[in-house]
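The values are calculated or read from the model by the stated rules, or taken from the named source; none is laboratory data. All of these numbers come straight from a predicted model, not from anything done at the bench. Note: ideal-geometry Cβ built from the backbone for every residue, glycine included; neighbour counts use all protein chains shown. What goes into the accessible areas is simple: the full protein's heavy atoms, side chains included, and nothing from ligands, DNA or RNA. Shrake-Rupley method; radii C 1.70, N 1.55, O 1.52, S 1.80 Å.
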Amino acid sequence: MDYMSTSNGYGLEGQRGDCGYASQNIVDCPNENSPCNLHGTCRGKPTFRCDCQQGWTGADCSLLTCPFGKSWFGRPTSGDDYAHMSDHTVECSNMGICNRATGACTCMEGFEGAACNLMSCPGKQPNQPACSDRGECLSMSQLATHATRNGDDTSFTYGATPNNHFTWDFDMVQGCMCHEGFAGYDCALSTCASGDNPHTEGQVNEIQSLYCKATLSTGRITVSFRRQSSVELTWRPYPGPGDAVSLNRFACRLAD
């Protein structure tokens, strides 16, 4: 608009280059033939300001907005002086540039998503999956549920507590969970065979005995250890000394 020029940020003339200062009296909302470009409501006197509909912005509501997300960086905005919380979102998550003509974000390198709200996983080549196509790209929240200790599942979580300022990035930071046989931050490395250290001494093989008592004439059971499960075992009576024969049959099935 010809009558708008640069302001000082407070409605007066200045050097900000933001078209925020009216150099003449305003007597109507922008674009008087189609007030606010039909994408907003004209306030009328004394401000003649446009209140834009959702998805539109600008003094005359002629510009498209881009998707909003939690800010990757910024000043604290919540009542407890915490930043990044979901009560204050910004366009392109402060990690991209909004194209006002298309309403799409152009993300900075290393970030993706409609609002640039996701940190890209490593190992991604043009037109190829991330993690070198040898793993899954998961969020911090998802990776926590796959955490193990000595081969067993854990109860770790990340971001399970809503509005926790320590885990604000639970659904934004991503990493690779490699497929079996691959390792590295981008799953680009092949793993080697692993086993017990032959130089250790004083160790013995450990044998666990399982005793099952059935209350029904037939049934099914599975045995799990360190995230590995046996095939489904069928319980049914066998001729012979009862439990001993059944346990031997279980042992054979598990060994197979």
message: I need a count of the residues in region 210-223 that are open to solvent by less than 80 Å² (accessible area, probe 1.4 Å) and either within 25 Å of Asp153 (Cβ to Cβ) or at pLDDT 75 or above (or both).
response: 5
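A quick yes/no check of all residues on (1) more than 30 Å from Asn163 (Cα to Cα); (2) surrounded by fewer than 17 Cβ atoms within 10 Å (Cβ to Cβ); (3) at pLDDT 80 or above:
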residue	(1), (2), (3)
Ser5	yes, yes, no
Leu38	yes, yes, yes
Thr41	yes, yes, yes
Thr57	no, no, yes
Ser62	yes, no, yes
Arg75	no, yes, no
Subset of region 10-47 [without any contact (Cβ under 8 Å) to a residue 40 or more places away in the chain, closer than 27 Å to Thr102 by Cα and assigned to a loop (DSSP other than H, G, I, E, B)]: Arg16, Gly17, Asp18, Gly20, Cys29, Pro30, Asn31, Glu32, Asn33, Ser34, His39, Arg43
- prompt: Just a yes or no: is a residue in region 188-205 part of a strand (DSSP E or B) and among the β-branched types (Val, Ile, Thr)?
  reply: no
task: Quick one: in region 189-213, of everything that is touching a residue at least 24 places away in the same chain (Cβ under 8 Å) and touching a Phe, Trp or Tyr at 6+ places or on another chain (Cβ under 8 Å), which residue is farthest from Ser230 (Cα to Cα)?
output: Cys212
task: Select from region 180-226 the residues that are charged (D, E, K, R) and either touching a Leu at 6+ places or on another chain (Cβ under 7 Å) or farther than 30 Å from Gln128 by Cα (or both) and list them in ascending order.
output: Asp196, Glu201, Glu206, Lys213, Arg220, Arg226
- line: Here the residues within region 188-209 that are of a type in the set (A, V, I, L, M, F, W, C) and open to solvent by 80 Å² or more (accessible area, probe 1.4 Å) are Leu189, Cys192, Ala193, Val204, Ile207
query: Quick one: which of Cys98, Cys116 is in contact with an Asp or Glu (Cβ under 7 Å, 6 or more places away or on another chain), closer than 30 Å to Asp60 by Cα and surrounded by 14 or more Cβ atoms within 10 Å (Cβ to Cβ)?
result: Cys98
- request: Filter region 128-147 down to residues that are polar (S, T, N, Q) and in contact with a Phe, Trp or Tyr (Cβ under 7 Å, 6 or more places away or on another chain) and give me whichever is surrounded by the most Cβ atoms within 10 Å (Cβ to Cβ).
  value: Ser139
task: Could you check how many residues of region 146-172 are in a loop (DSSP other than H, G, I, E, B) and in contact (Cβ under 8 Å) with a residue 60 or more places away in the chain?
output: 6
task: Would you tally the residues in region 173-187 being open to solvent by less than 40 Å² (accessible area, probe 1.4 Å) and not in a strand (DSSP E or B)?
output: 5
